[in-house]
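The next block holds one structure in the form of structure tokens; read it before the comments.
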Number of protein chains: 6
Amino acid sequence: MSTRVLISDADASPDVLAIFNDIRETRGSEFINNFWRALAHDPIQLKATWGELKQIMGPGEIDPLTKEMIYIAVSVANGCPYCIHSHTAAAKAKGMSETQHSELISIIGMAGKTNHLVTAPQVPVDDVFKAK
Amino acid sequence: MSTRVLISDADASPDVLAIFNDIRETRGSEFINNFWRALAHDPIQLKATWGELKQIMGPGEIDPLTKEMIYIAVSVANGCPYCIHSHTAAAKAKGMSETQHSELISIIGMAGKTNHLVTAPQVPVDDVFKAK
Amino acid sequence: MSTRVLISDADASPDVLAIFNDIRETRGSEFINNFWRALAHDPIQLKATWGELKQIMGPGEIDPLTKEMIYIAVSVANGCPYCIHSHTAAAKAKGMSETQHSELISIIGMAGKTNHLVTAPQVPVDDVFKAK
Amino acid sequence: MSTRVLISDADASPDVLAIFNDIRETRGSEFINNFWRALAHDPIQLKATWGELKQIMGPGEIDPLTKEMIYIAVSVANGCPYCIHSHTAAAKAKGMSETQHSELISIIGMAGKTNHLVTAPQVPVDDVFKAK
Amino acid sequence: MSTRVLISDADASPDVLAIFNDIRETRGSEFINNFWRALAHDPIQLKATWGELKQIMGPGEIDPLTKEMIYIAVSVANGCPYCIHSHTAAAKAKGMSETQHSELISIIGMAGKTNHLVTAPQVPVDDVFKAK
Amino acid sequence: MSTRVLISDADASPDVLAIFNDIRETRGSEFINNFWRALAHDPIQLKATWGELKQIMGPGEIDPLTKEMIYIAVSVANGCPYCIHSHTAAAKAKGMSETQHSELISIIGMAGKTNHLVTAPQVPVDDVFKAK
């Protein structure tokens, strides 16, 4: 159920294998999920995306679990089943509790509702909300 | 630029005014933003949505600022300009720093990118990501 | 705020003018809204879309007002401000009451909410819902 | 293919079971579909959503079948397979004919087309469409 | 996993069969894909859509392979798995190379990213971008 | 109408100014559009996104004009007015003819239509479309 063959380790070029191994080391796990195996058709994109992900999802002023929950929120609104599955697994691995998961889903549902309630009557933006 | 007239205090029914006043008390501000004035055509929906928002965005296992950032993330992916403006204002009011705002935008951009990179080749979900 | 110039009657080719005039006759109004004036850069598309709209939005087993409300629902979910404005005007012209407008918005909001509540945990489709 | 375990009757808390039973009574059927079993991780959200659905999708100035068709329209535009399946089943149960189903799909397709035809050239909203 | 039964040749009306046969002749293949078999519940829509597709995707100032890639881009952003599969197959049949496929996916990913980076802070459109 | 102040040259840090100047040199124009001025709050993201854009939208097996048209297609489906405006301007600068613009819009409209016609009845993917 894919339009591209997944690249196994056996079929991977040395460039691709180097990224796969960096993923393994960084995560402390042998497992490479399908996203990277599909992206491996394009070694430049694979390297760039992995580097970007490490940088953006790494330490910062927003904590790692919050970052995963924001990622899930975008992926739900965009309707990306793979991304929802993989980042929910990541959030659980980073300690998301059952209650936090429920709260996350409720916020996403609430935002989905009010996004529609605002868009339907085309509510104009209040002036006070605009950056000076 | 709206398909419904905004309900002013002068035009509000007692039911609507009661909600407007609860919004004012809860927020400690006289200001009622346009969303509520558009929703006021339907007092039952107005009351239900305000109650739901207070409950879901209030205290819980996810902190209030994180809740606003998740809300923004959904609103960006759904393309709701009003919601982005109002919840960004709310996040700033709850202490979102300039750096946190930048990080939030980067995560949203990253998720937007990988959502598309996953959907384009229709990457199949790894079995390990599925809940038992 | 457009990427194409709107075609005025003075600038319209005879082919385009013929469609504009059919729109006028069909609607019993001199007014041609901007959608048709933007589409007029492509007379074949203009003619095809107008013909399709007349056929699909015309008499059938679903009544004309319901058709407009379904059109609005799609346009809200797709985030198309122009379409929401034009089809809300059409629905009002076809008799949509204030209460029906409120109910329409509530259904759209409810659907927006449950779409997100379903997508977030990736709820699997029940077998009984599938067509045999 | 889900990120949360579905709650069976055996695993349901008394609060959850009470809602399940209200769903059963209201619908006159023993069957509880997966949406409610996934939502049951959050009894407050389960109760609120079920109550909201009963109120909004119940009797009003828009008839119940039309309400289901509007729900389907939003769910198609948002790309929610589960919601499309469940509300199409509901619409059929409420009497949607084969021809009405075809007409519904045609309106959704037409709206999808013109939403894109409008958005691509960024057609500006006509002044006459705006609420005074 | 569908809400409508697929129409086999045996169940097809003469009108539907005529379109199926035109699809076969045009493509030089006996195979009729599921999209047409689902659409065949509505012979008028089937005929209109097939005619429109032949006209729009046929020879023009944009070459056929580019047309397929544009089609894929829309389908990815809209999250339509079926459409991504069928038009990726069509693009491959029209000569899309592995490298072009990778470049297509990268452009789609880049656009997905910047769409979100622009929408999050609500960047205002520069005056120079507007058509006179 | 933005949630972040646009960074002028006068307010730009040396890092940001260096990127602005690279944009100027690469494009042979003094003009810096608002996207970069909004992104400049985050110099690392500014640099990364500009570098990525230059690499992906530059020479390859897909020609530069086609790349812009694919970019527009994604931006229309995602409903990003800014992106549609800026990339339509870029496509025109790279030689997109009026007829090509019309064809592009028609393909996007057609895809929008069939995306909805496929999603509404949840057409299952044909086995032949799947990559081996």
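The values are calculated or read from the model by the stated rules, or taken from the named source; none is laboratory data. All values reported here derive from a predicted model rather than from experimental measurement. All Cβ positions, glycine included, derive from the backbone under ideal geometry; neighbour counts span all protein chains shown. These area figures cover heavy atoms from the full protein model, side chains too; ligands, DNA and RNA do not enter into them. Shrake-Rupley method; radii C 1.70, N 1.55, O 1.52, S 1.80 Å.
Values for this structure:
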read-out: The one condition in (1) assigned by TED's automatic domain parsing to the domain that holds residue B:22; (2) under 16 Å from residue A:78 (Cβ atoms); (3) of a type in the set (A, V, I, L, M) that residue B:70 fails to fulfil; value: (1)
read-out: Unmet requirement for residue B:78, which otherwise passes all of (1) farther than 18 Å from residue A:112 by Cβ; (2) at pLDDT 95 or above; value: (1)
read-out: Test: residue in the stretch D:50-64 that is at the interface with chain C (Cβ under 7 Å from one of its Cβ atoms), free of Cβ contacts under 8 Å to residues at least 60 places away in the same chain and either in contact with a strand residue (DSSP E or B) (Cβ under 7 Å, 6 or more places away or on another chain) or hydroxyl-bearing (Ser, Thr, Tyr) (or both); value: no
read-out: Test: residue in the stretch D:93-113 that is closer than 30 Å to residue A:99 by Cβ and out of contact with any Pro (no Cβ under 9 Å at 6 or more places or on another chain); value: no
read-out: Only listed residue being assigned to a helix (DSSP H, G or I) and in contact (Cβ under 8 Å) with a residue 40 or more places away in the chain, chosen from C:82, C:71; value: C:82
read-out: Residues that are among the acidic types (Asp, Glu) and either buried (at least 18 other Cβ atoms within 10 Å of the Cβ) or touching an Asp or Glu at 6+ places or on another chain (Cβ under 8 Å) (or both), drawn from the stretch D:51-69; value: D:52, D:61, D:68
read-out: Index of the failed condition, residue E:31 passing every other in (1) touching a Ser or Thr at 6+ places or on another chain (Cβ under 8 Å); (2) in a loop (DSSP other than H, G, I, E, B); value: (1)
read-out: Residue list for the stretch F:115-132, filter: facing chain D (nearest Cβ under 8 Å) and either within 29 Å of residue E:122 (Cβ to Cβ) or open to solvent by 20 Å² or more (accessible area, probe 1.4 Å) (or both); value: F:115, F:116, F:119, F:122
read-out: Residues that are β-branched (Val, Ile, Thr) and closer than 14 Å to residue A:100 by Cβ, drawn from the stretch A:62-89; value: A:66, A:70, A:72, A:88
read-out: Filter result for residue F:20 (touching a residue at least 24 places away in the same chain (Cβ under 8 Å) and in the same structural domain as residue F:1 (by TED's automatic domain parsing)); value: no
read-out: Verdict on residue E:44 being among the aliphatic types (A, V, I, L, M) and assigned to a loop (DSSP other than H, G, I, E, B); value: no
read-out: Enumeration of residues in the stretch C:97-112 that are more than 16 Å from residue B:49 (Cβ to Cβ) and either part of a loop (DSSP other than H, G, I, E, B) or in contact with a Phe, Trp or Tyr (Cβ under 7 Å, 6 or more places away or on another chain) (or both); value: C:97
read-out: Tally of residues being within 11 Å of another protein chain (Cβ to nearest Cβ), surrounded by 13 or more Cβ atoms within 10 Å (Cβ to Cβ) and touching a Lys or Arg at 6+ places or on another chain (Cβ under 9 Å) across the stretch F:8-36; value: 1
read-out: In the stretch F:37-47, the residues that are at the interface with another protein chain (Cβ under 7 Å from one of its Cβ atoms) and either crowded, with 20+ Cβ neighbours inside 10 Å or of a type in the set (D, E, K, R) (or both); value: F:38, F:39, F:42, F:45
read-out: Residues that are assigned to a loop (DSSP other than H, G, I, E, B) and hydrophobic (A, V, I, L, M, F, W, C), drawn from the stretch F:113-132; value: F:120, F:123, F:125, F:131
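Listed here are the residues, each with its yes/no results for (1) at pLDDT below 95; (2) of a type in the set (D, E, K, R); (3) within 30 Å of residue E:112 (Cα to Cα); (4) not in a helix (DSSP H, G or I).
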residue	(1), (2), (3), (4)
B:25	no, yes, no, no
B:38	no, no, no, no
B:51	no, no, no, no
B:59	yes, no, no, yes
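To keep it simple, each residue is scored yes or no on (1) more than 15 Å from the chain's Cα centre (by Cα); (2) among the hydroxyl-bearing types (Ser, Thr, Tyr).
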{"position": "A:8", "(1), (2)": "yes, yes"}
{"position": "A:27", "(1), (2)": "yes, no"}
{"position": "A:37", "(1), (2)": "yes, no"}
{"position": "A:54", "(1), (2)": "no, no"}
{"position": "A:70", "(1), (2)": "no, no"}
{"position": "A:76", "(1), (2)": "no, no"}
{"position": "A:82", "(1), (2)": "no, yes"}
{"position": "A:94", "(1), (2)": "no, no"}
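Listed here are the residues, each with its yes/no results for (1) out of contact with any Gly (no Cβ under 6 Å at 6 or more places or on another chain); (2) open to solvent by less than 10 Å² (accessible area, probe 1.4 Å); (3) facing chain E (nearest Cβ under 10 Å).
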site: B:71; (1), (2), (3): yes, yes, no
site: B:75; (1), (2), (3): yes, yes, yes
site: B:84; (1), (2), (3): yes, yes, yes
site: B:88; (1), (2), (3): yes, yes, yes
site: B:91; (1), (2), (3): yes, yes, no
site: B:99; (1), (2), (3): yes, no, no
site: B:103; (1), (2), (3): no, no, no
site: B:109; (1), (2), (3): yes, yes, yes
site: B:113; (1), (2), (3): no, yes, yes
